[in-house]
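The values are calculated or read from the model by the stated rules, or taken from the named source; none is laboratory data. The structure presented is a predicted model; accordingly, all values stated were derived computationally and were not measured. Every residue, glycine among them, receives a Cβ derived from its backbone with ideal geometry; neighbour counts consider all protein chains shown. Side chains are part of the model used for accessible areas, which takes the heavy atoms of the whole protein and leaves out ligands, DNA and RNA. Shrake-Rupley method; radii C 1.70, N 1.55, O 1.52, S 1.80 Å.
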Amino acid sequence: MKESVEKIKGFKEKKNAVILAHFYQEAEIQEAADFVGDSLELARKATEIDAEIIVMCGVYFMAETVKILNSDKKVLIPYPKAGCLMADMVFEEELKSFREKYPEYVVVTYVNSTAEVKALSDICCTSANAVRVIESLDTDKILFVPDRNLGEFIAEQVPEKEIKLWEGYCPVHEKIPIDRVKELKKKYSEAVFIVHPECRKEIRKFADFVGSTSKIINYVKESVEREFIVGTEEGIIYQLKKSKPEAKFYPAYQEFICDQMKMITVERIINSITEEKYEIQVKPEIAEKAKLAIEKMLAVK
Ligand code: 13P
Ligand code: SF4
């Protein structure tokens, strides 16, 4: 692992590039990055970067968000086909028609969405700040786009608001088999079950803790427990082990992997830095509107 980390760092220094990485990246990529975070932290970090080149190791919408917040910088993604399957579950025309038909609804969009969809939204949110974002709005009528599972989780916490849910979901979190969870809970009866809110309600029901990737990491850090069943992508286990080396972590199902995130590889990162590829471009009229929705989210404390 050390060799690939050193290799990336060497190329990065030569180009004066900054590497941002999501918690679902391979361990060596997280190790080589200048900053590792969840979607909210990555979006915030993007506003503070002082480098000409930013390489985003994550899926496309994450790189697009960085570009929208840094229009004057060169933002690269090592592999442009690394998309988020949930982000593709919104057809803009349908969202436009909804807005026309129901102008009284405020559209709250999860950052796991395209720039075009963000541009059609009133405000963005991540799984770390979704409840705060919705509570900050002085309206009771909300359309939550695109994740119905996260939307349902928020609706449970803000019952005073009427939250309509878009029919989108993350296929990686959606497919956790309930039987495997029951089996693991039986086998490791002392283990704490931690899950991401992109999981279905029937899975969340069994959870001891539900939160975004960074919230899960903080929860484990502060917990006195020593065994955890992990209900989110396996990349996070690298951070969990780092914060609690003596603990045991069991993935909620074998191969709990987001193939899209894993399209970012060490070789592709090196190619990206040396060739300055693949540059993210967002049409100015889209970027301008999407930026408003992202900045509104960042202003929510
Ligand atoms: P976080 O915002 O919790 O890092 O989640 C991003 C994501 O894509 C989860 O599948
Ligand atoms: Fe998108 Fe799901 Fe992968 Fe997260 S885990 S990036 S929501 S496909």
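Quick notes on this structure:
- Listed by position, the helices (runs of 4 or more DSSP H) enclosed by the range 221-301 that each have at least 2 residues that are within 24 Å of Val181 (Cα to Cα) are 236-243.
- Selected residue (criterion: nearest to ligand 1 (Cβ to nearest atom)) from residues of the range 199-214 that are open to solvent by 10 Å² or more (accessible area, probe 1.4 Å) and in contact (Cβ under 8 Å) with a residue 40 or more places away in the chain: Ser214
- Verdict on Glu233 being within 16 Å of ligand 1 (Cβ to nearest atom) and crowded, with 21+ Cβ neighbours inside 10 Å: yes
- Filter result for Ile163 (more than 16 Å from ligand 1 (Cβ to nearest atom) and of a type in the set (Val, Ile, Thr)): yes
- Those residues of the range 61-84 which are away from ligand 2 (no atom under 16 Å from the Cβ), polar (S, T, N, Q) and either open to solvent by 60 Å² or more (accessible area, probe 1.4 Å) or in contact (Cβ under 8 Å) with a residue 40 or more places away in the chain (or both), in sequence order: Ser71
- Contacts under 6 angstrom Cβ, first residue in the range 1-20 being without any contact (Cβ under 8 Å) to a residue 24 or more places away in the chain, partner open to solvent by less than 60 Å² (accessible area, probe 1.4 Å), 6 or more apart: Lys9/Ala32
- Residue satisfying all of: in the range 251-270; open to solvent by less than 30 Å² (accessible area, probe 1.4 Å) and in contact with a strand residue (DSSP E or B) (Cβ under 6 Å, 6 or more places away or on another chain); nearest to Phe193 (Cα to Cα) among these: Ala252
- Note on the range 85-151: enclosed helices (runs of 4 or more DSSP H) holding 1 or more residues that are more than 15 Å from ligand 2 (Cβ to nearest atom) and touching an Asp or Glu at 6+ places or on another chain (Cβ under 9 Å) are 92-101, 115-119.
- All told, Leu150 falls short of being within 16 Å of ligand 1 (Cβ to nearest atom), under 21 Å from the mean Cα position of the chain (by Cα) and surrounded by fewer than 23 Cβ atoms within 10 Å (Cβ to Cβ).
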